[in-house]
Amino acid sequence: MLSSQNFVDQLTSKGFNFFTGVPCSLLSGLISCLEKTPDVPYIPAVREDAAVGLCAGAYMAGSLPVLLMQNSGLGYCLNAFTSLNLIYKIPTLVIMSWRGCGGNDAPEHIIMGKINEDLLKTAGMDYAVITPENHQDVLQRAVRKINEELPFTLLVKKGIFDERH
């Protein structure tokens, strides 16, 4: 298990300085830490596609954005990513909870859990599954992709981040 606070600190030390997203219980530790970090804005979004727009605006204003979301929202924002971020080279680090991973979750999460990797591949969006063992390497890979002005997604399985803060 990774410390949410430590991971937020790693992100901010790499220059990420604008956070938005839609709540998910698998990301609750990260969101809780962000809400308690006064010098780094966390702006809750009403939908994932709206969060993509917030990230684009933040990037154009000089920030390096992070979007926290549940994979069920990938359907909502896929068009925004393909018609905005990918075309206009607007980098965003996406931290996406992987609900329905391995078929273990509530029924409404199973289909998206099964296809979210295929959707990311089809859209041409690079991603990696983050684990406690690989998180530093994966974060470095994400930063390299962000420096190419492209989005990168970190897929987060249940239990990767602590939830209490």
Residue in segment 75-83 that is surrounded by fewer than 19 Cβ atoms within 10 Å (Cβ to Cβ), free of Cβ contacts under 8 Å to residues at least 24 places away in the same chain and out of contact with any Phe, Trp or Tyr (no Cβ under 6 Å at 6 or more places or on another chain) present: yes
Please indicate, with yes or no, whether at least one residue in segment 151-160 is within 22 Å of residue 55 (Cβ to Cβ), modelled with pLDDT of 95 or more and surrounded by fewer than 19 Cβ atoms within 10 Å (Cβ to Cβ). no
Within segment 3-33, residues surrounded by fewer than 21 Cβ atoms within 10 Å (Cβ to Cβ) and touching a His at 6+ places or on another chain (Cβ under 6 Å) come out as 32
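Among the residues of segment 35-45, is any touching a Lys or Arg at 6+ places or on another chain (Cβ under 8 Å) and under 21 Å from residue 163 (Cβ atoms)? So that I can check it myself, show each step before the final result.
Narrowing segment 35-45 to residues touching a Lys or Arg at 6+ places or on another chain (Cβ under 8 Å): none.
No, segment 35-45 has no match at all.
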Being out of contact with any Cys (no Cβ under 8 Å at 6 or more places or on another chain), within 22 Å of residue 11 (Cβ to Cβ) and part of a helix (DSSP H, G or I) is true for just one of 79, 116. Which residue is that? 116
Residue list for segment 127-140, restricted to those being out of contact with any Leu (no Cβ under 6 Å at 6 or more places or on another chain) and surrounded by fewer than 16 Cβ atoms within 10 Å (Cβ to Cβ): 131, 133, 134, 136, 137, 140
Would you point out which residue out of 142, 128 is in a helix (DSSP H, G or I) and modelled with pLDDT of 95 or more? 142
Write out, first by first residue and then by second, each pair whose Cβ atoms fall under 9 Å of each other, whose residues are 6+ apart or on separate chains, and whose first residue, in segment 3-17, is of a type in the set (Lys, Arg) while the second is in a helix (DSSP H, G or I) and modelled with pLDDT of 95 or more. 14/139; 14/140; 14/142; 14/143; 14/146
Contact list, first residue from segment 108-128 and under 13 Å from residue 81 (Cα atoms), second anywhere and buried (at least 19 other Cβ atoms within 10 Å of the Cβ) and among the hydrophobic types (A, V, I, L, M, F, W, C), beta-carbon distance below 6 Å, six or more apart or interchain, is 119/74; 126/152
For residues that are of a type outside the set (Gly, Ala, Ser) and touching a Ser or Thr at 6+ places or on another chain (Cβ under 8 Å), scanning just segment 99-137, find the one that is nearest to residue 24 (Cα to Cα). 99
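The values are calculated or read from the model by the stated rules, or taken from the named source; none is laboratory data. These numbers come from a predicted model, not from an experiment. Backbone-built Cβ (ideal geometry, glycine too); neighbour counts: all protein chains shown.
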